[in-house]
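> The structure is given below, and queries will be raised subsequently.
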C-alpha cells in the first residue's frame, strides 16, 4: 500500500488539488446569484483578503506617481501660463455668449417638460475616486477604485467620467470597490441613439469592444451618431454620453439585427479618476417664469395652442428661471478625496445652468 | 535564437532551490504587477506574469507537487481580482505547474530557445484549459480568437526569455 502512494504520489496530489478546486467552482456556479450579494461567503472572503492586502500598496504607488507627475507638471506649466491665460479668457467670453443662447433654449425646454409632467433621473451626489488597479486579465474588464463602503458606495452605483459612462460598482470592500466596465462581456447598459432615438442594450466582448445587437436590421443607424444612456437600466443617468457609432452592419448569422459597434465616449484604457454616482434624484423640472423680461421662447410658448399657461407658484418667481439653483458646474474629476461633487446633468437631458452655491454638496430635488 | 530541446537523464539535470522569501515574494509581486500596471498601460494586460512565474518555478524546482501547489495558489490569488468564479485560473495553473515541473524533469529547459517554445506551448495549453473549464464547468462558451491568442502567446514567450534570466539570479547558490 505504501509503495502505491509512494509511486503515484504526484498524480494523486494533483487529483486531490484539482478535486478541491472543482468542488469549489461547482459550489459557486450552483449558488443562485443575488445582485445584492454577488459573491458567496467563501469567495467573498478570498476577494476581501486579496484586495484588502493589495489596496494599500496600490494606493501608495498611485499617490507617489501623482505627486511626482503633478510636481513636474506644475513646474513645466509655469512656462506657458500667460499664453494659456489669454486663451482661456477668450474661451470664457465665447462660452458666455453660448450660455446666453443655451439658457433661452433650456428655459423653454424646462417649461414644456414641467407642463408635460416629465420625471427624470438627475445626478445628485457623486464621490470622486482614483483608479488603483485592474483585474490583470483580458477576460475580466474590471477596475478597482480607492473608495469603498466607508465612503458610502454600494453595488450597482453608476461610475462615470465627465466624458461618459464607465461602468457600475460590482463589489464593495471597506477601502476599495470593484467596478465592472461597460466593455466587459458580462455588463449591459440601456442605450439610445441620440438622433434616431433607437433603443438597445450595450454589451462588451472579450476584446473590450462594445456593441449593440438588439436593433432591427431595417433601421437606419449612421456612423458617427452619438449614443446616450437611455436610463432604462435604472443605473446610468439618462442622457449621459456613452459613445459614438463606428460601424453598423447586419448580423452575419441571423441578418435580422444590426451589429452596431460603439467607441466609448470615456477613454476606458486610460482611466485615472472617476466619479461614482451615489445619489440620483427624481426631479420634475420646474416651470421657469420671468418677470419684466419677455424672451423669444416665452412668445413661442404663448403661440403654442396645445400648451396651457400655468399659474406661477408663490415664491418661485423671484429669479428668472426656476431651475437655476439646481445643478451646477461641469463635473470636475480632481483630487477631492471623498468630497462629493455635483456634476451637471448632460446637455442631452438637462441644459446648463449657473453654478450652484459654493460649499453645497447636494442638490435637493425640486 | 538557438533552439535546443534535448532529452537528458535525471542525473544530469540540476535542481534549483530558492529562498522562502523569493518563493513568496516573486509570485506576489507578479500578481501585483499584473493587476496594477495595466491601469496606466493597458497593453501590459496581454502578458500573464503569474503564469510565467508558475512555469519558471515549476521547471526550476522540478518537483511536481511544489509546481502544482504554486500554480494553485497563484491562480487562485489571480482569480480573486477578477469578477468571475474563483478557481478558473487556479485549476488551469495547477495543471500547468504540474506539467511544467514534469517536463523539467525530462528535458533541459535552460536555454532561451527551449524556454521560448516551452512558454508558448504552456500559454496555449493554459488558454485551452481555461476555455474548457468555462464550457464544461461554468457553462459559458467564449469565442476563440486564434489570431489574438497566438500573438499573446508569442509576446509571453519573448517576455519569458528575459524574465527567466532575471529570475535565474535569485537562485540559491551552492
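> Hey, with R₀ at 22 Å, roughly what FRET efficiency would residue A:84 and residue A:267 work out to, going by the Cβ-Cβ distance, to 0.05?
It comes to 0.45.
> Oh, and also: Ignore the peptide's own chain and count Cβ atoms of other chains within 10 Å of each Cβ in B:27-40; give me the average, rounded.
The per-residue average across the peptide is 6.
> With the contact rule set at Cα under 8 Å and sequence spacing of 6 or more, what percent relative contact order holds for segment B:18-168?
Relative contact order, segment B:18-168: 21 percent.
> Taking neighbour Cβ counts within 10 Å as the exposure measure, how do A:47, B:173, A:101 sort from fewest upward?
By the 10 Å Cβ count, ascending, the order reads B:173, A:101, A:47.
> Let me ask something else about it. Give the angle, between 0 and 90 degrees and rounded to the nearest 10, that separates the Cα long axis of helix B:146-168 from the longest principal axis of the Cα atoms of chain B.
In chain B, helix B:146-168 runs at an angle near 40 degrees to the longest axis.
> Follow-up. Hey, got the average number of other protein chain Cβ atoms within 10 angstrom for residues in B:43-50?
3
> How much length, in nm to one decimal, is gained on full extension between residue A:30 and residue A:199, taken as 0.36 nm per residue of separation minus their Cα-Cα distance?
57.5 nm
> Now for a separate question. When only Cα pairs under 8 Å and 6 or more residues apart are kept, what is the percent relative contact order across segment A:189-264?
32
> Neighbouring Cβ atoms within 10 Å as the yardstick, rank B:54, A:246 fewest first.
Arranged by neighbour count, lowest to highest, B:54, A:246 become A:246, B:54.
> Could you check the simple spin-label distance between residue B:166 and residue A:19, using points 7 Å along Cα→Cβ, in nm with one decimal?
My value for the distance between the label points is 4.0 nm.
> Moving on to the next point. Residue B:19 to residue A:7: FRET efficiency via 1/(1 + (r/R0)^6), r the Cβ-Cβ distance, R0 22 Å, to the nearest 0.05?
0.10
> Could you let me know the centre-to-centre spacing of segment A:174-235 and segment B:28-104, using Cα atoms, in angstrom?
Using only Cα atoms to place each centre, the spacing works out to 33 Å.
> Got a sec? How would B:32, B:122 order by Cβ neighbour count within 10 Å, fewest to most?
In increasing order of surrounding Cβ atoms, one gets B:32, B:122.
> Another question, if that's okay. Per residue of chain B, what 222 nm ellipticity follows from adding -39500 (n - 2.57) for every DSSP H run with n ≥ 4, rounded to the nearest 500?
Calculated at 222 nm, the ellipticity per residue is -21500 deg cm²/dmol.
> Moving on. How many partner chain Cβ atoms sit within 10 Å of a residue's Cβ in peptide A:13-19, on average, as a whole number?
So the per-residue partner count for this stretch is 5.
> Once both axes come from the Cα atoms, what is the angle between helix B:112-133 and the longest principal axis of chain B, in degrees from 0 to 90, rounded to 10?
On a 0 to 90 degree scale, this one is about 30.
> Rounded to the nearest 0.05, what FRET efficiency is calculated for residue A:247 and residue B:124 with R0 set to 22 Å and r the Cβ-Cβ distance?
After rounding, the FRET efficiency stands at 0.10.
> To test your reading of the geometry: what angle, between 0 and 90 degrees and rounded to tens, separates the Cα axis of helix B:64-80 from the longest principal axis of chain B?
Taking Cα atoms only, the helix is inclined about 30 degrees.
All of the numbers you see were taken from the coordinates with simple rules; none came from a lab. Worth saying up front: this structure is predicted, and the values here are computed from it rather than measured. Cβ atoms come from the backbone with ideal geometry, glycine included; neighbour counts cover every protein chain shown.
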